[in-house]
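Report on the following structure.
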Ligand code: PA5
């Protein structure tokens with residue numbers, strides 16, 4: 001496996017005594033996940049997912065993906081949060097962040113319903129003009145406002161375009177029984193897939209939620225599961241020599257030493273959405289009861305020319321976890337007779353060689369600047385690595401959350417903005433809240 005974790009830069013920040021001091025609580029947290037008896041344990045379906053998923057549905061997903069590839073130019077994936085980030089992260093991780101712009105025999109894929117922007121919707125509608133379109137609407141509850149609004153608009157576009165034929169172009173991923181999309185799928189005969197009851201949104205990328213869009217992009221699902229299984233073997237069975245648990249320990253130790261922001265950094269733009277997925281995973285899992293690391297992300301070397309200054313010399317509350325993408329390449333930098341840029345000393349070197357020196361130089365500079373560095377490395381961006389990394393971080397997140405003393409599987413705080421928004425929008429059932437919020441806003445306007 002081409003993944004490694006190293007604490008080589010952490011010497012001055014985390015000692016073996018620090019690690020020994022958290023061993024018991026880490027072991028307890030590990031066992032809560034393994035034995036499924038911690039808080040929120042009814043949402044641990046993802047732990048065995050690499051070994052145990054519905055194979056009938058899995059084959060149906062592959063078949064649906066083929067049909068979508070053959071019948072559309074544009075595939076619209078509607079969903080938000082856990083019903084969106086994993087699939088997009090996978091596609092950009094494996095296929096690169098310019099996937100849509102590349103020549104390929106798979107459809108362009110656009111993610112919609114993850115905001116409430118009318119201009120984004122207009123742009124997507126324009127992109128669909130004159131092209132064949134299929135939709136995958138993904139929502140466990142089926143009542144989330146953002147994807148709900150997007151689905152109304154886009155379904156109507158599809159119905160105008162294809163009349164009854166629209167139904168064959170709509171694919172639904174929702175809860176097996178409770179999801180509000182379920183009766184619609186049945187009424188209109190949309191092909192549908194199940195979000196398992198025991199898997200929450202942010203842990204759902206290896207379920208039907210992620211699988212259909214990932215397969216439509218031409219990514220090998222079997223290979224992705226092979227990677228996830230290899231990680232499950234390594235991290236979910238034994239406490240000792242377990243890098244996923246070690247990562248959970250390191251980040252908790254650093255938090256307790258005042259490093260309250262974790263920057264996930266990577267040196268390849270194809271990792272941008274992976275970082276977004278990771279931010280949701282850790283932010284929504286750990287940020288509660290006044291606790292948790294704030295998860296942020298940067299892409300190097302791009303962000304070294306913007307946030308780099310802050311990381312080097314701003315408030316000393318950061319540590320970074322760097323996923324070094326160290327992939328061989330054949331872009332050899334040529335010598336230039338004029339050498340106006342003075343870069344001839346790089347002639348004969350590859351772009352990745354330069355990238356690797358940037359990673360190394362940055363790690364040393366940041367470590368010297370009191371930004372501890374947890375160093376990870378991958379040597380390929382295949383489906384296998386994606387599955388592996390997903391499992392590595394999911395497992396670490398569950399252990400880390402239990403070490404923090406919170407339930408890593410709920411998200412009570414997400415409701416607060418929704419309550420206000422529904423009150424302002426006049427949703428039935430929110431009458432008192434509407435009255436209260438209107439009075440409050442009137443007072444604020446005075
Ligand atoms: O991780 C989560 O549980 C959330 O991010 C949800 O996935 C998100 O709110 C979307 O919910 P739903 O799938 O019900 O539309």
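Here, each number is a calculation from the coordinates, and none is a lab measurement. Every value quoted in this text rests on a predicted model; they were computed, and no experiment measured them. Cβ sites come from the backbone with ideal geometry, for glycine too, and all protein chains shown count toward neighbours.
Data overview
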| quantity | calculated |
| --- | --- |
| Cα gyration tensor shape of the stretch 46-219, rounded if a/c is under 1.5, else prolate or oblate by comparing a/b with b/c | rounded |
| Most fluctuating residue given options 349, 178, 95, as computed from a GNM of the chain linking Cα atoms under 10 Å | 349 |
| Residue 335 paired with residue 102, simple spin-label distance in nm, labels 7 Å along Cα-to-beta-carbon | 3.4 nm |
| Helix 221-235 vs. the chain, principal-axis angle (Cα, 0 to 90°, nearest 10) | 50 degrees |
| Highest to lowest packing among 181-187, 305-311, scored as the average C-beta count within 10 Å | 181-187, 305-311 |
| Extension gain from residue 56 to residue 353, taking 0.36 nm per residue of separation minus the Cα-Cα distance | 102.4 nm |
| Of 129, 39, 377, the one that fluctuates the most in a GNM where the chain has Cα springs shorter than 10 Å | 129 |
| Extension gain from residue 222 to residue 180, taking 0.36 nm per residue of separation minus the Cα-Cα distance | 12.1 nm |
| Span per principal axis, largest first, for the Cα atoms of the chain (Å) | 62, 58, 57 |
| The chain, relative contact order [Cα under 8 Å, separation at least 6], % | 23 percent |
| Cα principal axis extents for the stretch 218-348, largest first, Å | 60, 44, 29 |
| Degrees, to the nearest 10: 272-286 long Cα axis against longest axis of the chain | 80 degrees |
| The stretch 310-351-the stretch 3-58 distance, computed between alpha-carbon centres (Å) | 34 Å |
| Helix 23-34 vs. the chain, principal-axis angle (Cα, 0 to 90°, nearest 10) | 30 degrees |
| Overall form of the stretch 1-47 per C-alpha gyration tensor (a/c, 1.5; a/b vs b/c) | oblate |
| Relative packing of 43-56, 433-446, which averages over residues the other C-beta atoms within 10 Å, highest first | 43-56, 433-446 |
| Sorted peptide list for 190-202, 154-166, criterion being average Cβ within 10 angstrom, highest first | 190-202, 154-166 |
| Whole-angstrom gap from the stretch 88-138 to the stretch 171-195, using each part's C-alpha centre | 22 Å |
